[in-house]
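Some notes on the structure that comes next.
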Amino acid sequence: PSPSSSSSSVAPRIALYEMGRGPGGRASTRKTRSAPHIHINHGAPYADVRSSTGRSILSSLSSACLVAPYVGVRGSLDLSTGAFSRDIDVDESSCNETEGASASASVDYVTGANGEMSQIASSLIANTPSIEPKYKTMVRHLTRSTSNGEWELRDKSQQIIGVADWLIVAGSSVAHPRWSNIFGGDPPLVQAERDHPDPKLREALDAIAMQEVSPRMAVFFSCSGSVARQWLSLGFNVATVDDDQNCSILSKIMIHGGRKGDNGDDEDEEWCSIVLHSTEEFAIRNSGVYGASSTAARVGGAATDASMENSLVEEMMAALGEVPGIPSNSSNNNSGDCSLSNIYNYGPALHRWGNAFPKGEPLREDLAFVPSSRIAFCGDYVASPERARFGSFESALLSGTFAGENISKYYNES
């Protein structure tokens with residue numbers, strides 16, 4: 001993202017550059033025109049919020065019915081037995097057992113309106129004329145104007161697609177060495193600093209380069225009618241996989257559903273979406289596959305091994321099918337054709353979350369704001385004053401808030 005402001009006396013104009021189809025990143029929601037009632041939270045099924053500032057921001061959205069409590073059943077699933085163990089929330093246990101539990105230990109679980117995680121990000125920029133989203137747009141190069149020092153955002157042909165007084169770097173990819181492995185060439189911000197050296201920015205880039213990532217492969221699909229009812233009857237919505245047998249394929253299973261009529265559809269048939277997340281080990285073993293429909297492949301041009309996609313889908317679906325009690329693909333198909341496309345309304349589709357979870361140390365607050373280069377960093381890889389959990393939705397929310405406040409304070413004090 002890139003805000004552009006020429007003066008502190010006027011509202012800043014903000015251009016939001018996003019490779020995906022909409023806002024949210026890992027907290028986005030996949031949809032399909034062929035089945036408009038279906039929405040699939042294929043990254044984060046909910047956000048957990050612990051800080052007073054995070055609660056305050058989301059409460060303002062809740063009053064407008066843009067954010068809602070997440071009421072799904074969370075827990076863990078034993079792969080060998082199919083037994084599900086429900087998580088006990090801090091709030092629930094404090095009410096039932098330890099009334100004196102600290103309020104700071106409580107966690108709010110939230111999702112977007114209609115159960116769509118992308119609605120949270122959408123609501124943050126909705127009805128704000130000064131924000132101009134530019135979706136399905138990739139910034140390949142970053143340069144500085146020699147005349148006025150403005151940032152120039154360029155595409156793969158080096159054509160300028162935008163200019164800005166300040167950059168807010170909401171994802172670490174343009175600053176991290178993994179860019180070279182996926183898209184080739186130097187990370188745009190690394191090259192920009194090399195052309196216009198800044199010791200503080202260099203220190204920030206070195207710190208970001210030290211962060212590692214924990215990738216995931218995701219397979220997701222949807223169904224309706226009797227098949228949906230079988231999935232919804234399992235009694236859980238988000239299950240972290242307990243794998244004593246160490247099959248190293250599945251790490252999480254997520255189920256979300258409703259009725260078509262809930263979205264204004266004339267029909268009242270039940271539907272549900274199912275999302276499988278792989279283990280980190282499985283994603284690393286298959287690092288050359290991104291998914292043909294992924295943003296990295298569609299917009300970024302990342303080379304993906306299409307011949308491997310079907311086999312990876314089959315491997316993850318086979319691991320799912322081995323869990324006792326999970327609806328069987330064959331039993332759900334009366335036609336005798338066991339191809340998955342004849343069982344499910346949508347998918348199974350494959351997606352790689354190459355930057356699913358950052359690992360290491362968050363970028364320090366003092367390095368997240370670099371006025372000498374007119375750059376602010378925010379995202380789940382950045383520390384925040386209230387010490388939100390590293391790699392969480394809340395850390396992105398808080399660091400983004402503080403990035404904006406720091407820029408505003410900079411101009412007010414200038």
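Restricting to segment 386-403, give me the number of residues that are in contact (Cβ under 8 Å) with a residue 40 or more places away in the chain and either more than 26 Å from PRO215 (Cβ to Cβ) or polar (S, T, N, Q) (or both).
3
Having 2 or more residues that are among the charged types (D, E, K, R) is the bar; report the strands (runs of 3 or more DSSP E) wholly within segment 31-81 that clear it.
74-78
Kindly indicate which of ALA207, ALA218 is aliphatic (A, V, I, L, M) and touching a Phe, Trp or Tyr at 6+ places or on another chain (Cβ under 7 Å).
ALA218
One residue is enough: does segment 346-368 have a residue meeting the conditions farther than 26 Å from MET210 by Cβ, acidic (Asp, Glu) and at pLDDT 90 or above?
Within segment 346-368 (the criterion being farther than 26 Å from MET210 by Cβ, acidic (Asp, Glu) and at pLDDT 90 or above), the answer is no, since none of the residues qualifies.
Restricting to segment 348-392, give me the number of residues that are acidic (Asp, Glu) and within 30 Å of VAL313 (Cα to Cα).
The initial filter retains those residues of segment 348-392 that are acidic (Asp, Glu), namely 361, 365-366, 380, 386.
Narrowing the set further to residues that are within 30 Å of VAL313 (Cα to Cα) leaves 380.
Looking only at that region, the number is 1.
I'd like to verify a number: residues in segment 236-278 that are at pLDDT below 95, of a type in the set (Lys, Arg) and open to solvent by 30 Å² or more (accessible area, probe 1.4 Å), how many?
Looking only at that region, the number is 1.
Take ARG154 and tell me if it is within 25 Å of the chain's Cα centre (by Cα), surrounded by 15 or more Cβ atoms within 10 Å (Cβ to Cβ) and over 26 Å from PHE393 (Cα atoms).
Working: within 25 Å of the chain's Cα centre (by Cα): yes; surrounded by 15 or more Cβ atoms within 10 Å (Cβ to Cβ): yes; over 26 Å from PHE393 (Cα atoms): yes.
For ARG154, the condition - within 25 Å of the chain's Cα centre (by Cα), surrounded by 15 or more Cβ atoms within 10 Å (Cβ to Cβ) and over 26 Å from PHE393 (Cα atoms) - is met.
Just the residues that are among the β-branched types (Val, Ile, Thr) and modelled with pLDDT under 90, please, taken from segment 16-37.
THR32
What are the residue pairs meeting all of these: first residue in segment 9-24, first residue open to solvent by less than 60 Å² (accessible area, probe 1.4 Å) and charged (D, E, K, R), second residue in a loop (DSSP other than H, G, I, E, B) and modelled with pLDDT of 85 or more, Cβ atoms under 6 Å, and 6 or more apart or on different chains?
GLU18/TYR135
Would you pick out the residues in segment 112-127 that are touching a residue at least 24 places away in the same chain (Cβ under 8 Å) and either of a type outside the set (S, T, N, Q) or in a loop (DSSP other than H, G, I, E, B) (or both)?
GLY112, ALA113, GLY115, GLU116, MET117, ILE120, ALA121, LEU124, ILE125, ALA126, listed by residue number.
Identify all residues within segment 179-208 that are open to solvent by 40 Å² or more (accessible area, probe 1.4 Å), of a type outside the set (Ser, Thr, Tyr) and within 29 Å of ARG285 (Cα to Cα); write none if there are none. Can you show your working first?
Going residue by residue through segment 179-208, those that are open to solvent by 40 Å² or more (accessible area, probe 1.4 Å) are 180-183, 185-186, 191, 194-197, 199-200, 202-203, 206.
Add one more test, that the residue is of a type outside the set (Ser, Thr, Tyr), and what stays is 181-183, 185-186, 191, 194-197, 199-200, 202-203, 206.
Of everything in segment 179-208, those that are open to solvent by 40 Å² or more (accessible area, probe 1.4 Å), of a type outside the set (Ser, Thr, Tyr) and within 29 Å of ARG285 (Cα to Cα) turn out to be ASN181, ILE182, PHE183, GLY185, ASP186, ASP206.
Could you check, for segment 357-376, whether at least one of its residues is touching a helix residue (DSSP H, G or I) at 6+ places or on another chain (Cβ under 9 Å), hydroxyl-bearing (Ser, Thr, Tyr) and open to solvent by less than 10 Å² (accessible area, probe 1.4 Å)?
Within segment 357-376, one or more residues are touching a helix residue (DSSP H, G or I) at 6+ places or on another chain (Cβ under 9 Å), hydroxyl-bearing (Ser, Thr, Tyr) and open to solvent by less than 10 Å² (accessible area, probe 1.4 Å).
Six or more apart or on different chains, Cβ under 6 Å: which pairs go from a residue in segment 161-173 that's under 16 Å from ILE208 (Cα atoms) to one that's in a loop (DSSP other than H, G, I, E, B)? Could you list them?
ILE168/PRO1; ALA170/PRO1; ALA170/CYS378; ALA170/GLY379; GLY171/GLY379; SER172/TYR381
Just for segment 92-111: of the residues that are at pLDDT 55 or above and part of a loop (DSSP other than H, G, I, E, B), which one is nearest to the chain's Cα centre (by Cα)?
Top of the filtered list is VAL107.
The values are calculated or read from the model by the stated rules, or taken from the named source; none is laboratory data. This structure is a prediction, so every number in the text was calculated from the model and none was measured. Heads up, the Cβs are rebuilt from the backbone with ideal geometry, glycines too, and the neighbour counts pull from every protein chain shown. Remember, those area values only see protein heavy atoms, side chains included, never the ligands or the DNA or RNA. Shrake-Rupley method; radii C 1.70, N 1.55, O 1.52, S 1.80 Å.
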